[in-house]
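Asks: Can you keep this structure in mind? I'll have questions shortly.
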Amino acid sequence: MASLTQEFLTGVAPVADPDRVLATVLFTDIVDSTRLAAELGDRRWHHRLVEHQEVVRQQLARHRGREVKTTGDGFLATFDGPARAIRAADAIRAGLRDLGLEIRVGRHTGEIELLGEDIGGIAVHIAARVLAAAGAGEILCSRTVKDLVAGSGFAFADRGTRSLKGVPDSWQLYAVELAER
């Protein structure tokens, strides 16, 4: 009702805030994908990417993740909880290793903007920068994720405080230490 009053008095409809929700943002990336594509050739590489997508989508469904989009050799997905994102990342990593693919994963939990089927906001940028800091086979997360899953039985290795390109402040990053399969 207040928006109708504002529009009547000013002659201008108020600008609606974008839809924002709290989510855990997960990025994956195949390590050395360009080298692998060159070694395998286009046809075999395409087949490997299709297998990759099947593994990731199966684990997203199993762990209640939502695929936002693929990034060529990776995925952007969201989860309603950080523990599910950790378990999904571990299962994806294991499934892709069975295919001879190594990935790296970056995660952050924060408010995101819902932009139709896409997402935006600084939390997405932070997750992308965490991914960029991850090494081969590493599931890296921000301190926010670590703090939110306290008591859930996960172990973390401190990877130090880092500046994330374009993001204010310094960020404490952690690698999730799960049993290797």
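The values are calculated or read from the model by the stated rules, or taken from the named source; none is laboratory data. What you see is a predicted model, and the numbers here were worked out from it, not measured in a lab. Reconstructed Cβ throughout: ideal geometry from the backbone, glycine too, with neighbour counts over all protein chains shown. For accessibility, only protein heavy atoms count, side chains too; no ligands or nucleic acids. Shrake-Rupley method; radii C 1.70, N 1.55, O 1.52, S 1.80 Å.
Asks: So, in nm, how far is label Leu115 from label Ser163 when the simple model puts each one 7 Å beyond its Cα toward the Cβ?
Replies: So the label points at Leu115 and Ser163 sit 2.6 nm apart.
Asks: Accessible area, 1.4 Å probe, largest first: how do Trp45, Trp171 sort? The partial results should precede the final answer.
Replies: Numbers: Trp45 30, Trp171 50 Å².
My answer, sorted largest first, is Trp171, Trp45.
Asks: I would also like to ask the following. Tell me the carbon and sulfur percent of the accessible area for the chain, rounded to whole percent, probe radius 1.4 Å. Could you put the intermediate results ahead of the total?
Replies: Values: 4940 of 9770 Å².
Carbon and sulfur: 51 percent of the exposed surface of the chain.
Asks: Using a 1.4 angstrom probe with every protein chain in place, what is the largest-first accessible-area order of Leu40, Leu115? Before the final figure, lay out each step's value.
Replies: Details: Leu40 30, Leu115 85 Å².
Output order, biggest surface exposure first: Leu115, Leu40.
Asks: When ligands, DNA and RNA are left out and all protein chains stay put, how many square angstrom of accessible area per residue does the chain have with a 1.4 Å probe?
Replies: Working: 9770 Å² over 181 residues.
I get 54 Å² per residue for this part.
Asks: Going by amide H atoms built from the backbone, whose H comes under 5 Å of the H on Arg20, apart from near neighbours?
Replies: Amide H neighbours of Arg20: Leu114.
Asks: Next up: Compute for segment 15-153: radius of gyration divided by Kirkwood radius, i.e. Rg/Rh, restricted to C-alpha atoms, rounded to two decimals. Spell out each step's value before the answer.
Replies: Details: Rg = 15.0 Å, Rh = 15.2 Å.
Taking Rh as the inverse mean 1/r over Cα pairs, Rg/Rh reads 0.99.
Asks: Measure off 7 Å from each Cα along the Cα-to-Cβ vector at Gln58 and Asp19, then give the distance between these two points in nanometres to one decimal.
Replies: 3.1
Asks: Using per-residue counts of other Cβ atoms within 10 Å, averaged over each peptide, order 154-160, 78-84, 56-62, 90-96 from highest down.
Replies: Working: 154-160: 13.9, 78-84: 19.1, 56-62: 17.4, 90-96: 21.0.
Averaged packing, sorted descending, gives the order 90-96, 78-84, 56-62, 154-160.
Asks: Return a whole-number percent for the relative contact order of the chain, with Cα pairs under 8 Å and 6 or more residues apart as the contact set.
Replies: Numbers: 322 pairs, mean separation 39.7, N = 181.
Taking the mean separation of contacting Cα pairs over the length of the chain, I get 22 percent.
Asks: Once both labels are modelled 7 Å past Cα along the beta-carbon direction, what's the Glu51-Asp32 spacing in nm?
Replies: 1.6
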